[in-house]
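Visitor: Supplied in structure tokens, the structure appears directly below.
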Amino acid sequence: MTHDTFVFKEFPKIRHGYIDVLREGQRKRFIHGLFEVDVTDVRMRLGEYKTRTGETPSFTAFVIHCLGKAVDENKILHAMRQGRNKLVLFDEVDVSTQIDVEVDGHKIVKPHVVRAANRKSFREIHNEIRAAQVGKPEEEQKYQSMQLFLSLPRFIRSGFWRIIASQPQIFKKLGGTVGMSAIGMFADGAGWGIPISFPTLMITLGGIGEKPGVVEGRIEIREYLSLTVSVDHDIVDGAPATRFAKRLRELMETGNGIGDFIKYT
């Protein structure tokens, strides 16, 4: 008879933060729409720019740019409830996403909020994200502060999250108004993600896969991004959510903002 060997490993405190957010997100009633976005031309243009200049444009920044524009035209998508009978609709679209940062030799996943994404160009958001990806000493301090908070008992942390959820202005300051996860950027091939979300609107970028598509009456191999649009059904109905998704797809497929990005150099 053989015996399995194993080792114990400390459960990362940062995971308790994710569990807290997921627990609160499960209280909401979300609906999910699965879409495909033809990103063939966009990726080709960005690839040509990289070949010509040596600079790699952030695809995440491009999506955030388009997302900010689409929400700006459909502000109910990032509305938040305050009390039973009031909705708060912000002018600024603050997009929260996750960025890998290396600090003192170890990688941490850092939340980053692109403020007023609806008023920024693709280039401005690209520069902001590239700057945020560079680990700085203050990032380590923030990381340690978060570790201390996550050491508190769960009931205290839960109370904190309940207060945040009930105060849209505070929530916006800490976590933005829209969430975006780019999990598909780490994998090959098509595939959708179904998130547990905290904000009213959550965008999940899945994988990019190839399949035949019709272009001007011809069948060509195209690249399609799997995109999940998740909305809090207590606030957003299916019709405005679908109109928003259609507009987001239009902005992405037409490469909104890429022309200005390329002319920047």
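Visitor: With the condition being over 25 Å from residue 127 (Cβ atoms), I'd like the strands (runs of 3 or more DSSP E) fully within the range 149-261 carrying at least 3 qualifying residues.
Guide: Passing ranges, in order: 201-215, 218-232.
Visitor: Give me the pairs: first residue in the range 80-101 and in contact (Cβ under 8 Å) with a residue 12 or more places away in the chain and closer than 22 Å to residue 121 by Cα, second residue part of a loop (DSSP other than H, G, I, E, B) and open to solvent by 80 Å² or more (accessible area, probe 1.4 Å), beta-carbon distance under 7 Å, and six or more apart or on different chains, which are they?
Guide: 92/115; 94/115
Visitor: Answer with yes or no whether residue 186 is at pLDDT 80 or above and among the aromatic types (Phe, Trp, Tyr).
Guide: No; evaluated as a whole, the condition is false for this residue.
Visitor: Does the range 249-258 contain at least one residue that is without any contact (Cβ under 8 Å) to a residue 40 or more places away in the chain, of a type in the set (D, E, K, R) and within 24 Å of residue 198 (Cα to Cα)?
Guide: No, because not a single residue in the range 249-258 is without any contact (Cβ under 8 Å) to a residue 40 or more places away in the chain, of a type in the set (D, E, K, R) and within 24 Å of residue 198 (Cα to Cα).
Visitor: For the range 206-225, give me the residue count where each residue is at pLDDT 95 or above and surrounded by 20 or more Cβ atoms within 10 Å (Cβ to Cβ).
Guide: The number of residues fulfilling the criteria is 1.
Visitor: Quick check on my filter: what residues within the range 170-181 are aliphatic (A, V, I, L, M) and open to solvent by 20 Å² or more (accessible area, probe 1.4 Å)?
Guide: 170, 174
Visitor: Pairs only if they're at least six apart or on different chains, beta carbon under 9 angstrom, first in the range 157-181 and closer than 18 Å to residue 235 by Cβ and at pLDDT below 90, second part of a loop (DSSP other than H, G, I, E, B) and charged (D, E, K, R); list them, first residue then second.
Guide: Short answer, once both residue conditions are applied: 165/27; 175/94.
Visitor: Between a residue in the range 232-245 that is among the β-branched types (Val, Ile, Thr) and any residue that is open to solvent by less than 30 Å² (accessible area, probe 1.4 Å), which pairs come within a Cβ distance under 8 Å, given they are 6 or more apart or on different chains?
Guide: 235/79; 235/80; 235/200; 236/77; 236/79; 236/200; 236/201; 242/33
The values are calculated or read from the model by the stated rules, or taken from the named source; none is laboratory data. A quick note: this is a predicted structure, and the numbers were derived from the prediction, not measured. Here the Cβ is made from the backbone with ideal geometry for all residues, glycine too, and neighbour counts use every protein chain on show. SASA here: full protein model, heavy atoms, side chains in, ligands and nucleic acids out. Shrake-Rupley method; radii C 1.70, N 1.55, O 1.52, S 1.80 Å.
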